[in-house]
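K.L.:
There's a structure below that I have some questions on.
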Amino acid sequence: MSGACCHSPDISGGASEVLRLKEEAAQGLQRDLNSQLAQLQDTLEKNTTLEAHLEEAASKKSQLEAQAVEEQARHERTLQELGNQLGTFEKEVATLQEERQQLRATLQQALKEREALAMQAESMASALDGWTQEATQLRKELEELKATSKAQQTSLQETNEVVASALREECMQLRNQLEQLQQEKMWATNMAEQLSEDLEQGWEWPREEGALERTWPPPVTVLDSACGARDEKGRDLVRKRGIAEENSHGGAGSRPMNTEFLQVDGLQDAASPVKKGAGAKPSAEAHGKCLTHHLKKMTADVQQAKQMFAAKEQTMMHLMEQLSRSQQEKEQLLLLLEKSRQESEEKEKRYKGELSEQGETICNMKGKLLELLREKDALWQKTEGIASTTVSPAPQNPGVCVQCKKDFRLMSRRYQCRLCRSMVCHACSVSSGHKERCCLPCYQKRNGQGT
């Protein structure tokens, strides 16, 4: 009994714990049921709302179907219009392509013309260099010609003065000789008349010889004195003429010198027969003939001297004509040089104007080509249905890259960004698909928005 009493509290305690556990489990189940009931109520409410939404969606669906039919009809109409527009756009694109080809051909022609003009400019520059060199050479030659002409003028003046002085002296001497010869001729004629008168008187031979011996000595002495004086004059003239020949050209004084010697020899020859045969009439006639012969010789020498003087005057005139001709040629060369210089300056101005016009036409063609490219890009975007997110105006300077600020050359690649419409080089552009290229900032923005 005592053992049963001892175990009864333990049993009662275990039962109470079991009951407590069961109560807790029942409470947990009750809470679960309550939560499930709440969820069921929520789901029921949601189902009701969903049914209402479904009804609304069905009504909206019917409305949308009607709208879709209308929109389909409208889209068909728009598609037809777009098809017509596409046809027109294709025609415009074909015309634009033809114009682009024409522009390319014109650009190639302009480039060829530019190269030809550059070659012409180079050739003209080389020709101008050659002309400048020729002009400098001509100037040097003109200066040399001026110097030589001045030297020739001075030398000609000096020679003319020397020749004129020598010719004047010779003329004076020839005049003096002519006067002396005329006086001698008169004296010889007088002597011949006296001799003829004496011979005609008819004296006897011894008496005639004595008379002739008495009458002839004075003329013989006169002739001897005249011959001596002429010898001295001849020597003096030889000395003077030698000095004049050394100073001048030489050839003009030889002839009058010979005439002086001939005069002296003639007088001596004329005096010798008078000394030998003092009373003979044939000797007097021979003496007269000799004097006339010497007079003829002297006149011939004087005429020859005059001819030589005239020849020298002709040579002097010829030299003066050559000098005037050389001065005229110098003036003509100066005029030709001025004309060539003016023509070269005019050609240079004309070529510079043509080059500037060609540059302006090239710039205009580039602007037209850029406008055509923009129109083509706009048409391509319309046909492809690409919506440009950020459309910015074209750059103000199309000849410079926007990113690296690099100048575009004639054959360098350049691209227009499809988004911002700015001109970029090949290194600063990226292919973004659909046969389009864009700049690096636009590409990064587009990829950032996509991700």
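The values are calculated or read from the model by the stated rules, or taken from the named source; none is laboratory data. Everything numeric in this text was worked out from a predicted model, so none of it was measured. Here the Cβ is made from the backbone with ideal geometry for all residues, glycine too, and neighbour counts use every protein chain on show.
K.L.:
Out of the residues in the range 160-179 that are among the polar types (S, T, N, Q) and either outside the structural domain of Glu321 (by TED's automatic domain parsing) or in contact (Cβ under 8 Å) with a residue 60 or more places away in the chain (or both), which is farthest from Ala311 (Cα to Cα)?
P.N.:
Going through the qualifying residues, I end up with Gln177.
K.L.:
Specify which of the listed residues (Ala57, Ala73, Ala52, Ala15) is aliphatic (A, V, I, L, M), without any contact (Cβ under 8 Å) to a residue 24 or more places away in the chain and under 30 Å from Thr383 (Cα atoms).
P.N.:
Step by step, each of Ala57, Ala73, Ala52, Ala15 is checked, and only Ala73 is aliphatic (A, V, I, L, M), without any contact (Cβ under 8 Å) to a residue 24 or more places away in the chain and under 30 Å from Thr383 (Cα atoms).
Results for (1) closer than 30 Å to Gln85 by Cα; (2) among the hydroxyl-bearing types (Ser, Thr, Tyr); (3) part of a helix (DSSP H, G or I), shown as yes or no for each residue.
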residue: Arg341; (1), (2), (3): no, no, yes
residue: Lys349; (1), (2), (3): no, no, yes
residue: Lys352; (1), (2), (3): no, no, yes
residue: Ser356; (1), (2), (3): no, yes, yes
residue: Gly359; (1), (2), (3): no, no, yes
residue: Cys363; (1), (2), (3): no, no, yes
residue: Gly367; (1), (2), (3): yes, no, yes
residue: Leu372; (1), (2), (3): yes, no, yes
residue: Asp377; (1), (2), (3): yes, no, yes
